[in-house]
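Chemist: Below: one structure in structure tokens.
The values are calculated or read from the model by the stated rules, or taken from the named source; none is laboratory data. Not measured: the values here are computed from a predicted model. Cβ placement follows ideal geometry from the backbone for every residue including glycine, while neighbour counts extend to all protein chains displayed. Ligands, DNA and RNA are stripped out before the accessible areas are found, and what is left, the full protein with its side chains, is counted by its heavy atoms. Shrake-Rupley method; radii C 1.70, N 1.55, O 1.52, S 1.80 Å.
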Amino acid sequence: MRLSRFAALSSSLLLAAGAALFGAGQAAAQADFGYVALGDSYSSGVGAGNYDSGSGNCKRTTRAYPALWAAAHSPQTFSFTACSGARTGDVLASQLAPLNSGTDLVSITVGGNDAGFSDVMTTCVLQSESTCVSRVNQAKAYVDSTLPGRLDQVYNAIDSRSPGAHVVVLGYPRFYKLNGTCTTGLTEGERAAINGAADYLNAAIAKRAANHGFTFASVAGVFTGHEICSGSAWLHSVNWLNIGESYHPTAAGQSGGYLPVFTNAA
């Protein structure tokens, strides 16, 4: 695991302040701190609202955890290229330009779209439990066979462009509280299968991140008690009037879930 460059910079600033107090002269603590936020809709902030019109279909928002962190910590540079619907290939093709040797911190969520998250949820909402479970198992097979190589390509590219950066790879929440407040919709078997798939995906992402020396930050714990069917959800359930926001974090999920997890890892 790489030392957080933000933590290292903070320490240097404290040391510099102390040195100045004792007349030891100025320390070189004015180094730029650059942060680049990559990834899919969980990083762009789909579901949180207040989207930047300039980001188009990427639906980036100031309510997403990267923008919230940047507002609180004022990095010298902040590049926000995460985009709704992004797969690993999209990150490689269109998100990496801001990365360079001076980048200190990188965040990313990616892998859910590669594994067919949207199709899994559509299948489970519209079809039988057995069909849902079958589609979940198909997604898990993809996670075993293909996703690790795709993640390696992204992580290698980040490391090549920004070899000194502290990279935080964030996971995905479990969607459902089992035996919760929901009385209609998916069966408990379907909800359990979907939760199991989220855990399966997170485990695969965590392993690839660790193998590259990156920090994996799980959000499953902080979202516990705030899943769909919890009565205090930080995730949108299916929304037929705005289907794209379904199963994505609300603004509270970004600020109360993703932000503190990222802050602790950064």
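Chemist: Can you tell me the accessible area per residue over the range 142-266, all protein chains present, probe 1.4 angstrom, in square angstrom?
Modeler: Heavy-atom accessible area per residue stands at 40 Å².
Chemist: Oh, and also: Between helix 5-21 and the chain, what is the angle of the helix's C-alpha long axis to the longest principal axis, kept within 0 to 90° and rounded to the nearest 10?
Modeler: Taking the Cα atoms of the chain, the angle to 5-21 is about 30 degrees.
Chemist: Mind pulling the angle between the C-alpha long axis of helix 147-161 and the longest principal axis of the chain? Nearest 10 degrees, somewhere in 0 to 90.
Modeler: For 147-161 against the chain, the angle is about 20 degrees.
Chemist: Counting only protein heavy atoms, what percent of the accessible surface of the chain is carbon or sulfur at a 1.4 Å probe?
Modeler: 53
Chemist: Could you give me the ³J(HN,Hα) list for the range 217-229, computed from phi with Karplus coefficients 6.51, -1.76, 1.60 and θ = phi - 60°, whole Hz, x at Gly and Pro?
Modeler: Per residue, the Karplus-derived 3J(HN,Hα) values read 10, 7, 9, 4, x, 6, 7, 5, x, 10, 6, 4, 6 Hz.
Chemist: Tell me which of VAL169, THR88, ASN50 sits at the most positive position along the dipole axis of the range 49-184, charges placed on C-beta atoms (Lys, Arg +1; Asp, Glu -1).
Modeler: Of the options given, the answer is ASN50.
Chemist: Would you list which lysines come within 24 Å of LYS207, measuring only between C-alpha atoms, while excluding same-chain residues fewer than 8 positions from it?
Modeler: Partners found: LYS140.
Chemist: How about the chain: what cysteines have no other cysteine beta carbon under 4.7 Å from their own?
Modeler: Result for the chain is empty; each Cys has a Cβ neighbour under 4.7 Å.
Chemist: Between the helical axis of 117-126 and the dominant principal axis of the chain, each derived from Cα atoms, what acute angle in degrees is found, rounded to the nearest 10?
Modeler: Rounded to the nearest ten degrees, it is 30.
Chemist: I would also like to ask the following. Suppose each label sits 7 Å from its Cα in the direction of the beta carbon; what would the GLN127-ALA203 distance come out to in nanometres?
Modeler: According to this spin-label approximation, the distance is 2.4 nm.
Chemist: Per residue, how much accessible area does the range 50-116 show when a 1.4 Å probe rolls over the protein heavy atoms, in square angstrom?
Modeler: 42
Chemist: What are the lysines whose alpha-carbon lies under 20 Å from the alpha-carbon of LYS177, with same-chain residues fewer than 8 places away excluded?
Modeler: none
Chemist: Where does the chain land on Rg/Rh, using Cα atoms and the Kirkwood Rh?
Modeler: Using Cα coordinates only, the ratio equals 1.01.
Chemist: I've got another one for you. Suppose the chain between ALA157 and ILE243 were pulled fully straight at 0.36 nm per residue; how much longer would it get relative to their current alpha carbon spacing?
Modeler: 27.7 nm
Chemist: Separate question: Can you list the residues, at least 5 places off or on another chain, whose amide H is less than 5 Å from the amide H of SER79, using H built in the peptide plane?
Modeler: TYR35, VAL36, ALA37
Chemist: Calculate the FRET efficiency for ALA97 and SER232 from the Cβ-Cβ distance with a Förster distance of 41 Å, rounded to the nearest 0.05.
Modeler: About 0.55, to the nearest 0.05.
Chemist: Sum -39500 (n - 2.57) across every DSSP H segment of at least 4 residues in the chain, then divide by the residue count to get the 222 nm mean residue ellipticity, nearest 500.
Modeler: For the chain, the value works out to -13000 deg cm²/dmol.
Chemist: Starting from the Cα gyration tensor of the range 114-266, take the square roots of the eigenvalues, sort them a ≥ b ≥ c, and report rounded, prolate or oblate (rounded when a/c is under 1.5, otherwise prolate if a/b is larger than b/c, else oblate).
Modeler: Here the range 114-266 falls in the oblate category.
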